[in-house]
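Colleague: Here it is, the structure, as structure tokens.
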Amino acid sequence: VKPNGEEYYEYILCYVDDVLCLSVRAKEVMQEFGTKFKFKGDKIEQPAAYLGVGLKQKMIQGYTMWAISSETYVKAAVKNVEETVKNKRWKMPSKAPTPMANNYEPELDGSPELNSDNHKYYQELIGVLRWATELGRVDILLKISLLSQYQAAPREGHMEQLMRIFAYLRNKPRFSLYMDPQLPNAEVHTVQSSSDDFKILYRDAKEEMPRGMPEPKGRFVETTAFVDASHAANKKTRRSHSGYVIFVNRAPVIWFSKKQNTIEASTFGSEFIALKSCIEAIVHLRFKLRMFGIPMRDQPTQIFCDNESVVKNASQVESTLNKKHNSIAYHYCRWNAAAGVTSVSWISGDANIADAFTKRLTVQRREYLFGEWTY
């Protein structure tokens, strides 16, 4: 119980030999732990890092919140690459305003394939950068997703673009995500049919609740998502690319960028496939939050999409599908609307932050989209 009388759960996170306690009386709890286990150097203090990510409390816009940063990890990775390439033919460019050249298409690269040594090194670098994206470097997520597709047979041009990404990180090592506890105040631009209207068609629609979930305690949270697709983005296979980011309150917790498994004949189809993928992640997140005992308001997760046809088909019960090929995604999205899990609304493409996970953008556009939730 907090000093103000509010009930909440204390959490203890353990990973191998790292222990993190989330509590108003965190030090006291850790001292109790210390009676059973010996801590390295007998140190119990506010965390500065956890699993490679830097942690720091900051005052932003009048609110105290935690920020996560991969700066230390990125600087160490860049230094390691700089030392390694001294004995190789690869060089980092001096300037790299964006992680990847906007006119470069990795699927059309016709340069020679890498030899076995460089092939292995390419895979190692992809692994290093993928972990950087897990630690919060969402600004390189799309580029790593694109270059990861060629790990089986990378080419010299692909390696040169990896060197450019490391040059970009060298020039911009500081990049943080802030875990803003404030509730979102997103503007909704769509008239959504109620879940009761949808239940005329989906009578069995009901959100699955965890069995034996703990009693919710603490402050309510809300979830929000932004989703986008780049239709036929791959110029060789014409597969589209999905991207989304999911927030708990205003804290980003899930980010995703991946090539779609099917070839869609229209933008409508590719956007619907991306929406279905996003909703699947939302269903899992809502389940997990409830298992943590975190109270959720009795309202759906608000999803923002910049395709009006998809928004209409996913949010208005009277809309009908004219393309049978997309029927699974269509009914899955509408079923979740009927169950009260999600609500899809339109947002201008200029304001859709998921664009950064599906399209290569100019410096100015990147800074605009990332500017509201990173620093």
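The values are calculated or read from the model by the stated rules, or taken from the named source; none is laboratory data. Just so it is clear, the model here is predicted, and its values are computed rather than measured. Here the Cβ is made from the backbone with ideal geometry for all residues, glycine too, and neighbour counts use every protein chain on show. The accessibility values were calculated without ligands, DNA or RNA, using every heavy atom of the protein model including side chains. Shrake-Rupley method; radii C 1.70, N 1.55, O 1.52, S 1.80 Å.
Colleague: Packing-wise, with mean Cβ within 10 Å as the measure, how do 222-234, 153-165 rank, highest first?
Modeller: 222-234, 153-165
Colleague: Keeping the other protein chains in place, figure out the carbon and sulfur percent of the accessible area of the stretch 4-72, with a 1.4 Å probe.
Modeller: 54
Colleague: Moving on to the next point. Ignoring ligands, DNA and RNA, what percent of the 1.4 Å accessible area of the stretch 257-327 is carbon and sulfur?
Modeller: Its accessible area is 51 percent carbon and sulfur atoms.
Colleague: With bins 10 Å wide starting at 0, give me the P(r) of the stretch 257-368 over every alpha carbon pair, in whole percents.
Modeller: The percentages, shortest bin first, are 12, 42, 33, 13, 0.
Colleague: Over the alpha-carbon set of the stretch 186-330, divide Rg by the Kirkwood Rh and report the Rg/Rh ratio to two decimals.
Modeller: 0.99
Colleague: Between Arg211 and Glu372, take the C-beta separation as r, use R0 = 35 Å, and let me know the FRET efficiency to the nearest 0.05.
Modeller: Efficiency, from the Cβ-Cβ distance: 0.40.
Colleague: Give me D for the chain in µm² s⁻¹, whole number, from Stokes-Einstein with Rh from the Kirkwood sum over alpha-carbon pairs, 25 °C and 0.890 mPa s.
Modeller: 107
Colleague: Considering all alpha-carbon pairs of the stretch 99-210, what whole percent are spaced by more than 20 angstrom?
Modeller: Here the tail beyond 20 Å accounts for 59 percent of pairs.
Colleague: Another question, then. Averaged per residue, what accessible area in Å² does the chain show with a 1.4 Å probe, protein chains only?
Modeller: 53
Colleague: In straight Cα distance, which aspartates and glutamates are under 15 Å from Lys91, not counting same-chain residues fewer than 8 positions off?
Modeller: Leaving aside aspartates and glutamates fewer than 8 places away in the same chain, those within reach of Lys91 are Glu82, Glu83, Glu156, Glu160.
Colleague: Which one, Ile353, Asn249, Gly52, projects farthest toward the positive side of the charge dipole computed for the chain from Cβ point charges (K/R +1, D/E -1)?
Modeller: So the residue we want is Gly52.
Colleague: Run through all the Cα pairs of the stretch 1-148 and give the fraction in each 5 Å bin from 0, expressed as whole percent.
Modeller: Histogramming the stretch 1-148 at 5 Å steps yields 2, 6, 11, 15, 15, 12, 9, 8, 8, 6, 4, 2, 1, 0 percent.
Colleague: Then there's this: What pairs from Lys88/Lys172; Lys143/Lys359; Lys143/Lys172 go past 18 Å between their alpha carbons?
Modeller: Among Lys88/Lys172; Lys143/Lys359; Lys143/Lys172, the Cα-Cα distance tops 18 Å for Lys88/Lys172.
Colleague: What helices does the chain have that are whole DSSP H segments, at least 30 Å long along their own axis by Cα, and with mean Kyte-Doolittle hydropathy of 0.0 or more?
Modeller: 267-291
Colleague: With a point put 7 Å past each Cα toward its Cβ, work out how far Glu7 is from Arg238 in nm, to one decimal.
Modeller: Going by the 7 Å Cα→Cβ label model, 5.9 nm.
Colleague: Still on this structure, please answer the following. Note down the magnitude of the dipole of the chain about its Cα centre, charges +1 on Lys and Arg C-beta and -1 on Asp and Glu C-beta and zero elsewhere, to the nearest 20 debye.
Modeller: My answer is approximately 920 debye.
Colleague: Taking the Cα centre of each part, how many Å lie between the stretch 31-83 and the stretch 311-352?
Modeller: The two parts, judged by their Cα centres, are 41 Å apart.
Colleague: Hey, what did the chain get for relative contact order, percent, Cα under 8 Å, at least 6 apart?
Modeller: With pairs under 8 Å counted, the relative contact order is 18 percent.
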